[in-house]
1. For the pair Lys98 and Asp149, how long in nm is the line joining their label points, each one 7 Å along Cα→Cβ?
2. I need the peptides 282-291, 252-261, 7-16, 87-96 ranked by packing, meaning the mean over residues of other C-beta atoms within 10 angstrom, with the highest value on top.
3. Just to be sure I follow: if Rg is taken over the C-alpha atoms of the chain and Rh is the Kirkwood radius over the same atoms, what is Rg/Rh?
4. Roughly how big is the chain's charge dipole about its Cα centre, with Cβ charges of +1 (Lys, Arg) and -1 (Asp, Glu), in debye to the nearest 20?
5. I'd like the orientation of helix 195-207 relative to the chain: the angle between its Cα long axis and the longest Cα principal axis, in ° from 0 to 90, rounded to 10.
6. Would you calculate a helix-derived [θ] at 222 nm for the chain, using -39,500 (n - 2.57) for each DSSP H run of n ≥ 4 and dividing by the full residue count, to the nearest 500?
7. Report the Cα centroid-to-centroid distance between the stretch 122-187 and the stretch 82-104 in angstrom, as an integer.
8. Hey, which of these cross-link pairs are over 25 Å Cα-Cα: Lys38/Lys75; Lys31/Lys180; Lys31/Lys106?
Amino acid sequence: MPSMKAVKRRIVSVKSTQQIMKAMNLVAASKLQKTKGKLEIVRPMFSDIKNLMDGIRADSDGSDESVYAEKRDVKNIVCVVITSDRGLCGSYNINISKEALGFINKSDKQVKVVAIGTKGWEFFRRRGKDIPHRFSFGSETVPYEDAEDIGHLLTALYTSGQADEIYIAYTKFNTALSHKPSVVKLLPVGTEDGEEEGEAAASSLVHHGKLMSYDPDAGAFMSYAVPMYVNLFLYGSMIESAVCEHAARMTSMDAASRNAAEIIEDLTLAYNRKRQGMITQEITEIVGGANALQ
């Protein structure tokens, strides 16, 4: 049995850890609100350009498509995986990493990983996956320049033929307690899986009288617009992942703080029982000594 001094020292230690957890919870909550503001700005922009891309692809007859929409014999796939650089955010990193790993293992093609975030890089490195490119992920700021640099790399890989398809694995934000790991196709745009969505988008544009014509053609417009679309998709995915990271860390730190409170309560109870036992023993010894003197 530990001594009273050891129990008291443990109580002090757990209280100190609890204070750190509470501070990290507050910091994560502050970062969450700040990053959510960015997400609310980016989401409508991404939705509009996504509908535009799908509408153009659905309306195209295939004669003027750009390289970004052509159908290829798929041999090489690139999967971009967005995780965090730091831990202490519950199951956030492992959930998206496992989702991406499941996609990679199901594919019968050669899949290379572009890791955005240290945790994802460590996860796939330990499993022997091919990771030709690795980037850090500054979830506190999420600068657009970072997404632009990665977007340039991805479009270069695709246009050069080093990648026939590009997917992105990131975590979608619903609420502070609800996040969904997802793997979606980034390039080529307007694939078979998205034909119905694209037709719906095109029909919506026609219905609202917004069907546009392009000069010289839709293919030339796509060649100009798709790199911007890729950059914005990456930026939105990185911001959404950052929001999920902060939400997961806030939830994790809150749970850790509550667990610490329970541990402190149990240790305090054990300390009081020991103290009461020692007092009872001392009283018993005093009474016994007094009786012996009579």
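1. 3.2 nm
2. So the peptides 282-291, 252-261, 7-16, 87-96, ranked by packing, come out 87-96, 252-261, 7-16, 282-291.
3. That ratio is 1.26, to two decimals.
4. Values: 36 positive and 37 negative charges, 509 e Å.
The calculation lands at about 2440 debye.
5. Compared with the principal axis, the helix lies near 70 degrees.
6. Numbers: 6 runs with 185 residues, N = 294.
Only helices count here, giving -23000 deg cm²/dmol.
7. Between the Cα centres of the stretch 122-187 and the stretch 82-104 lies a distance of 12 Å.
8. In this structure, Lys38/Lys75; Lys31/Lys106 lie more than 25 Å apart at Cα.
Each value in this text was obtained by applying a stated rule to the coordinates, not by laboratory testing. Predicted, not measured: the structure shown is a model, and the values here were computed from it. As a convention, Cβ positions derive from the backbone with ideal geometry for all residues, glycine included, and neighbour counts pool all protein chains shown.
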